[in-house]
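Below is one structure; the comments refer to it alone.
The values are calculated or read from the model by the stated rules, or taken from the named source; none is laboratory data. For clarity, every value in this text was computed on a predicted model and none was experimentally measured. Quick reminder, even Gly has a Cβ in these numbers, built from the backbone with ideal geometry, and neighbours come from all protein chains shown. Protein only, heavy atoms only, side chains kept; ligands, DNA and RNA dropped before computing areas. Shrake-Rupley method; radii C 1.70, N 1.55, O 1.52, S 1.80 Å.
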Amino acid sequence: LGEFSALVAAQALSFEDGLNLVYKRALAMQKACELNPSSMAAILNLDADIIDTICDEIDEIVVAANYNSPGQVVISGSDKGIEIAMEKMLAAGAKRAIKLPVGGAFHSPIMESAREELSIAINETHFIAPICPIFQNVNGKNNTNPETIRENLIKQLTNPVRWTLSVQNMIGYGAKTFVEVGPGAVLKGLINKIDRNVVTEVIS
């Protein structure tokens with residue numbers, strides 16, 4: 001969701017268009033959740049490669065959805081797939097496997113119907129080149145091309161959020177200070193785990 005805020009802040013997208021897309025995104029994702037009961041779980045202190053392997057071995061829809069920081073990956077999938085995956089990951093050495101109180105399996109193939117619906121709205125929306133590079137979470141790369149930004153926004157609904165890679169690439173690009181805007185300090189904590197040498201602040 002923050003990617004839309006970033007696009008508005010970087011003037012690639014008007015505030016009105018950004019708000020409209022966020023609204024349509026929410027409705028499309030809610031419908032997808034109602035069609036396919038599903039869930040998510042946070043896996044702590046287990047190598048991401050092991051998590052990916054376990055997900056691939058399960059005969060249910062279950063995938064890594066958020067690579068949040070070293071030692072924290074969120075998985076997403078069918079209710080049955082999540083239950084099986086949590087058991088297997090604890091057996092493989094995960095410190096904890098925590099079911100999340102969310103409405104469905106975001107950033108997974110279960111969101112395909114939402115992706116199709118949102119892609120229409122995104123393709124009808126006017127984007128221009130941002131005033132600074134936008135690091136998009138679907139691949140962690142910086143983009144200024146409006147068409148690439150548009151394509152990545154559509155992919156985001158069914159692909160994992162590569163937050164760790166995004167932050168690492170921003171640091172590599174020269175970012176030294178990260179400011180989290182909003183209630184809480186979840187992202188500040190994740191960034192501190194990714195790289196303790198950068199400055200992190202919170203503005204509530």
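Only one of the listed residues (Ile75, Ile98) is part of a strand (DSSP E or B), closer than 24 Å to Val186 by Cα and open to solvent by 40 Å² or more (accessible area, probe 1.4 Å). That residue is Ile98. Screening Leu165, Leu118, Leu153 for residues that are open to solvent by 40 Å² or more (accessible area, probe 1.4 Å), in contact (Cβ under 8 Å) with a residue 24 or more places away in the chain, among the hydrophobic types (A, V, I, L, M, F, W, C) and in a helix (DSSP H, G or I) leaves exactly one candidate, Leu165. Of the residues making up region 78-95, those that are over 20 Å from Asp47 (Cα atoms) and either open to solvent by less than 40 Å² (accessible area, probe 1.4 Å) or in contact with a strand residue (DSSP E or B) (Cβ under 7 Å, 6 or more places away or on another chain) (or both) are Ser78, Asp79. Among the residues of region 130-139, what is the count of those that are surrounded by 14 or more Cβ atoms within 10 Å (Cβ to Cβ) and either within 18 Å of the chain's Cα centre (by Cα) or of a type in the set (A, V, I, L, M) (or both)? Number of matching residues: 6. Every test in (1) open to solvent by 10 Å² or more (accessible area, probe 1.4 Å); (2) farther than 19 Å from Val138 by Cα; (3) modelled with pLDDT of 95 or more is passed by Leu35 save one, and that test is (3). Remark: pairs (first residue in region 131-145, in contact (Cβ under 8 Å) with a residue 60 or more places away in the chain and of a type outside the set (Val, Ile, Thr); second residue assigned to a loop (DSSP other than H, G, I, E, B) and open to solvent by less than 60 Å² (accessible area, probe 1.4 Å); Cβ separation under 8 Å; 6+ apart in sequence or on different chains) = Cys132/Ala10; Gln136/Gln156; Asn137/Gln156. Scanning region 169-187 for residues that are without any contact (Cβ under 8 Å) to a residue 40 or more places away in the chain, in a helix (DSSP H, G or I) and loosely packed, with under 15 Cβ neighbours inside 10 Å returns Gly172, Val186. Considering (1) of a type outside the set (Phe, Trp, Tyr); (2) within 17 Å of Glu112 (Cβ to Cβ); (3) surrounded by 19 or more Cβ atoms within 10 Å (Cβ to Cβ), the lone condition that Glu60 does not fulfil carries the number (3). Candidates Ala65, Ala105: the one that is among the hydrophobic types (A, V, I, L, M, F, W, C), part of a loop (DSSP other than H, G, I, E, B), touching a strand residue (DSSP E or B) at 6+ places or on another chain (Cβ under 6 Å) and touching a residue at least 24 places away in the same chain (Cβ under 8 Å) is Ala105. What number of residues in region 6-32 are open to solvent by 50 Å² or more (accessible area, probe 1.4 Å), farther than 30 Å from Gly81 by Cα, touching a residue at least 60 places away in the same chain (Cβ under 8 Å) and within 19 Å of the chain's Cα centre (by Cα)? Of the residues in that region, 0 qualify. Right, Phe127: open to solvent by less than 40 Å² (accessible area, probe 1.4 Å) and more than 19 Å from Tyr67 (Cβ to Cβ) or not? Answer is yes for this residue.
Would you confirm whether or not region 126-148 contains a residue that is farther than 20 Å from His107 by Cβ and of a type in the set (Phe, Trp, Tyr)?
There is at least one residue in region 126-148 that is farther than 20 Å from His107 by Cβ and of a type in the set (Phe, Trp, Tyr).
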